[in-house]
Each structure stands twice: as structure tokens, then as C-alpha cells.
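Undergrad: Let me give you the structure first, and then I'll get to my questions.
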Amino acid sequence: MNTVGARVCEQPRDKLRSFADLVRWNKEAELIPEDEAIKLLAYSEANSSNATKNLEEARELREALFRIFDALGRKETPAATDIATLNKTLHALPIRLEVCAQGRDFRCERRSAQVDSDRLLAPIAWSAADLLASAQVHHVRRCADEECGWLFVDTTKNHSRRWCAMNDCGSHAKAKRYYHRKKRLRQ
């Protein structure tokens, strides 16, 4: 959801401008390994129309998820069309469970039953569905910085976090308040 910067400004900055950006984001989020990223980039060169379609589907899912969680953060009901978009993505991406050893214990991991570029959306859709069905959904907030617009899950003890990142938007807001306070004192 947060692959658009300055969402509420006239010129939002979309970080998913190409299929390669989508692959890079998945790799950086550790949703796919390096070797799979290389295969997907090669796939996109050989199948540019499918890669473009996958990028548009990713953007469509991103915007639907943003509207869902933004509405919930404002204590409103998300649009049925946005829930339908998430469900359409979930239905298209069947899950394959895989048991993995973890020392003497085991864990169950979700894997996409598909190995093509559609796999890029699977973990995102699954994560969104898990968040929607969890108690944490009530702690989704929108950054208080008017120019940011990012969403985050407020995991603070008293659930009073205001900014997506204190070292970015929070610092910016505090510096702005300080500047305006000093300006008023000088007048």
C-alpha cells in the first residue's frame, strides 16, 4: 500500500513504475529470493504484455487495499468493490502449504501454487487477508503528515502513534511546528 509517496499531493510518487520495480520491491521485502527475481525479470522481457498486465493488477490490488485499510482506520466500512478486488486476487492465487524444519521444530509456510509472475501478488494478498481477519486491523492508522498518506499498524502500547516513521514524517512535523513557533515569536 505504501509504494506511493505523497499520495495526497497533486503529484504522488509511484514506486511501481515498471514490472522490474514490482520484482525489486518483492525481493527487498524478502517475498522472493534473488534467483526467482532473475527468472521473473527474464520472463517479463519475453512476455512484456503479461508483465504489464501483472503490474496493472498489482497497482489495482494496492489501491483497493489502501482504500480498505484507510476506511477501516477512519472507522468506516470499506467498499464492497474493494473487498471483491482482494477476493478476486485471493481466488486466483491458490495456496500450497509446505512443512519446513526449524531446528527440532517445524513450521508451515505458504507457497504459491503458481510459479509465474502472478506469484508476486500472492503473499501481499494473503498478508492483507490475515490483517483484515486479525485484531490488529483496529490499529491501522494513516500517517498524520498531510503530505505522506502512508498507512501503518500502530503497535505502541497505548495505540497513540501518529506518524508512519518518527525519523521521517514525525521529525518533519516537529521541525515544522518548531519553525512556526519561532516565526510567531519573532512577529
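The values are calculated or read from the model by the stated rules, or taken from the named source; none is laboratory data. A quick note: this is a predicted structure, and the numbers were derived from the prediction, not measured. Please note: Cβ atoms are built from the backbone with ideal geometry, for glycine as well, and neighbour counts cover all protein chains shown. Please note that ligands, DNA and RNA were not included when accessible areas were found on the heavy atoms of the full protein model with its side chains. Shrake-Rupley method; radii C 1.70, N 1.55, O 1.52, S 1.80 Å.
Undergrad: How many nm is it between the label spots at K183 and R13, if each spot is 7 Å from the Cα in line with the beta carbon?
TA: About 2.2 nm, to one decimal.
Undergrad: Got a sec to turn the phi values of the range 156-163 into Karplus ³J(HN,Hα) couplings, 6.51 cos²θ - 1.76 cosθ + 1.60 with θ = phi - 60°, whole Hz, x for Gly and Pro?
TA: Running phi through 6.51 cos²θ - 1.76 cosθ + 1.60 with θ = phi - 60° gives 5, 4, 9, 6, 10, 5, 10, 10 Hz.
Undergrad: Using θ = phi - 60° and the Karplus form 6.51 cos²θ - 1.76 cosθ + 1.60, what ³J(HN,Hα) does each residue of the range 89-103 get, whole Hz, x for Gly and Pro?
TA: My calculation for the range 89-103 gives 5, 4, 5, 7, 10, x, 9, 10, 8, 10, 8, 10, 6, 9, x Hz in order.
Undergrad: Would you tell me the accessible area of I38, worked out with a 1.4 angstrom probe on the heavy atoms of the protein chains, in Å² to the nearest 10?
TA: Here the accessible area works out near 100 Å².
Undergrad: Would you pull out the residues with amide H under 5 Å of V4's amide H, same chain only if 5 or more places away, H placed 1.01 Å from N?
TA: When sequence neighbours closer than 5 places are left aside, the close amide H contacts are K15.
Undergrad: What are the GluC sites (Glu not before Pro) within the range 24-65 that DSSP puts in a loop, where the Cβ has at most 13 other Cβ atoms within 10 Å?
TA: Values: sites: E28, E30, E34, E36, E45, E56, E57, E60, E63; in loops: E30.
Loop-located and lightly packed - E30.
Undergrad: Also, quick follow-up: Hey, got the dipole for the range 40-187? About the Cα centre, +1 on K and R Cβ, -1 on D and E Cβ, debye to the nearest 20?
TA: Dipole of the range 40-187, to the nearest 20 debye: 1320 debye.
Undergrad: Kindly provide the helix-only [θ] at 222 nm of the chain, computed as the sum of -39,500 (n - 2.57) over DSSP H runs of four or more divided by all residues, to the nearest 500 deg cm²/dmol? Present the calculation step by step, with values, prior to reporting the outcome.
TA: Values: 6 runs with 89 residues, N = 187.
Counting only the DSSP helices, I get -15500 deg cm²/dmol.
Undergrad: Once both axes come from the Cα atoms, what is the angle between helix 19-28 and the longest principal axis of the chain, in degrees from 0 to 90, rounded to 10?
TA: Relative to the chain, helix 19-28 is tipped by roughly 80 degrees.
Undergrad: Using the basic label-point model (7 angstrom from Cα toward the beta carbon), what is the A29 to E147 distance in nanometres?
TA: Reported label-point gap for A29 and E147 is 2.6 nm.
Undergrad: On to the next question. Ignoring any ligand, DNA or RNA, what whole percent of the accessible area of the chain comes from carbon and sulfur when the probe is 1.4 angstrom?
TA: Roughly 53 percent, rounded to a whole number.
Undergrad: If you roll a 1.4 Å probe over the heavy atoms of the protein chains, what accessible area per residue do you get for the range 74-128, in Å²?
TA: Values: 3590 Å² over 55 residues.
Each residue of the range 74-128 exposes 65 Å² on average to a 1.4 Å probe.
Undergrad: List the GluC sites (Glu not before Pro) within the range 94-187 that fall in a DSSP loop (any state other than H, G, I, E or B) and whose Cβ has at most 14 other Cβ atoms within 10 Å. The partial results should precede the final answer.
TA: Values: sites: E98, E109, E146, E147; in loops: E146, E147.
When the GluC sites (Glu not before Pro) of the range 94-187 are filtered for loop state and at most 14 Cβ neighbours within 10 Å, E146, E147 remain.
Undergrad: I would also like to ask the following. If amide hydrogens are placed 1.01 Å from N in the peptide plane, which non-local residues have theirs closer than 5 Å to the one on D154?
TA: V140, R141
Undergrad: Using amide H atoms built in the peptide plane, which far-off residues or other-chain residues are under 5 Å from A144 H to H?
TA: W163, C164
Undergrad: Hey, another quick one. By its C-alpha gyration tensor, with a ≥ b ≥ c as the square roots of the eigenvalues, how is the range 29-158 shaped: rounded for a/c under 1.5, else prolate for a/b larger than b/c, else oblate?
TA: Oblate.
Undergrad: Ok, one more. May I ask you to rank R7, R186, R104 by accessible area, largest first, using a 1.4 Å probe over the protein chains only?
TA: Descending order: R104, R186, R7.
Undergrad: Let me ask another. Using a 1.4 angstrom probe, figure out how much accessible area the range 1-50 has per residue, in square angstrom, rounded to the nearest whole.
TA: Ligands and nucleic acids excluded, the result is 65 Å² per residue.
Undergrad: Let me ask something else about it. Using a Förster distance of 22 angstrom, determine the FRET efficiency expected from the C-beta separation of A92 and T52, and round it to 0.05.
TA: So, using R0 = 22 Å, E works out to roughly 0.80.
Undergrad: Just to check I understand the Karplus step: with θ = phi - 60° and J = 6.51 cos²θ - 1.76 cosθ + 1.60, what whole-Hz values come out for the range 134-148, glycine and proline as x?
TA: 9, 5, 5, 4, 6, 10, 6, 10, 9, 4, 6, 5, 4, 8, 8
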